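Following: one structure in structure tokens, then a few remarks.
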Amino acid sequence: MISKLTPRSGTAFELKSGQTLTVIDPMGEQVADLLAYNLSDIGEVISSGRTLDYASKIYLTTGDPLYSNRSNVMLRIERDDVKRHDFLLTPCSKDTFRIIYGDEAPHQGCFGNLAQALEPWGVTEDQIPTAFNCFMNVPIDAETGTLSVQAPLSKAGDCIRFRAEMDLIIGLTACSALQSNNGSFKPIYYEIGK
């Protein structure tokens, strides 16, 4: 069954070892921030640093594992229609909107949505790491190292599928940052499979 996240929202749920999670961009050009925690110990969490270090690349795709801070594989990418995702930038937050956009009454962003959704499992704000940002397009200038956030390359119906390598708590959003989503907010769909 396909579940739907409304624009600028988030959710959390359990994903058991061996199950798949398919994240779908139903309209195109919409980012989804994804977090993973070990269900039996939330001190073990998805790690950008470990994953990128072991992969020796910043753009992950089909076949690549996502590691925890303890160097255990949490998820493995099984299908990837887009082949461009970000694992460098932190979830957008009130501070993101205040500092980057100058908003005076900022939205809580993906960070706030994730904190709210993960609270029932005992996850606090200080335990939210860099997310795997599905469909987020962040090119890097090879000469200067400058990052730029560009429109996602995802088209309507594109997806990325992960397989859980341990029992997990997943946090997932429909991203709240205008720049990340080419200037508009759209839903994200997801499906848990066997």
Only one of Arg76, Arg98 is open to solvent by 80 Å² or more (accessible area, probe 1.4 Å) and closer than 22 Å to Met166 by Cα, namely Arg76
Residue hits (the range 12-34; open to solvent by less than 20 Å² (accessible area, probe 1.4 Å), under 17 Å from Trp121 (Cβ atoms) and of a type outside the set (A, V, I, L, M, F, W, C)) are Asp33
Taking first residues from the range 42-58 that are over 19 Å from Val138 (Cα atoms) and in contact (Cβ under 8 Å) with a residue 12 or more places away in the chain and second residues anywhere that are open to solvent by 50 Å² or more (accessible area, probe 1.4 Å) and among the basic types (Lys, Arg), the pairs with Cβ under 6 Å that are 6 or more apart or on different chains are Glu44/Arg70
Residue set Ala117, Ala174, Ala151, Ala156; condition under 23 Å from Arg79 (Cβ atoms) and touching a Gly at 6+ places or on another chain (Cβ under 7 Å); output residue Ala156
When every residue in the range 53-103 that is within 22 Å of Ile128 (Cα to Cα) and of a type in the set (S, T, N, Q) is compared, the one nearest to the chain's Cα centre (by Cα) is Thr90
If you go through Thr173, Thr146, the only one that is open to solvent by 30 Å² or more (accessible area, probe 1.4 Å) and modelled with pLDDT of 95 or more is Thr146
Note on Ser154: of the conditions (1) surrounded by 15 or more Cβ atoms within 10 Å (Cβ to Cβ); (2) over 20 Å from Lys4 (Cβ atoms), unmet is (2)
Residue hits (the range 31-57; within 26 Å of Lys194 (Cβ to Cβ) and either in a loop (DSSP other than H, G, I, E, B) or aromatic (Phe, Trp, Tyr) (or both)) are Tyr37, Leu39, Ser40
The residue that is farthest from His85 (Cα to Cα), considering only those in the range 160-184 that are assigned to a loop (DSSP other than H, G, I, E, B) and touching a helix residue (DSSP H, G or I) at 6+ places or on another chain (Cβ under 6 Å), is Ser176
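Name the residue, out of Tyr37, Tyr67, that is open to solvent by less than 10 Å² (accessible area, probe 1.4 Å), modelled with pLDDT of 95 or more and within 16 Å of Leu168 (Cβ to Cβ). Before the answer, list the steps.
On the way: Tyr67 fails: open to solvent by less than 10 Å² (accessible area, probe 1.4 Å).
That would be Tyr37, the only listed residue that is open to solvent by less than 10 Å² (accessible area, probe 1.4 Å), modelled with pLDDT of 95 or more and within 16 Å of Leu168 (Cβ to Cβ).
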Taking first residues from the range 96-115 that are assigned to a helix (DSSP H, G or I) and second residues anywhere that are of a type in the set (Val, Ile, Thr), the pairs with Cβ under 6 Å that are 6 or more apart or on different chains are Gly109/Thr96; Cys110/Thr173; Asn113/Thr173; Leu114/Ile128
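The values are calculated or read from the model by the stated rules, or taken from the named source; none is laboratory data. Please read all numbers here as calculations on a predicted model, not as lab measurements. Note that each Cβ is placed from the backbone with ideal geometry, even for glycine, and that neighbours are counted across all protein chains shown. These accessible areas exclude ligands, DNA and RNA; they are computed on the full protein's heavy atoms, side chains included. Shrake-Rupley method; radii C 1.70, N 1.55, O 1.52, S 1.80 Å.
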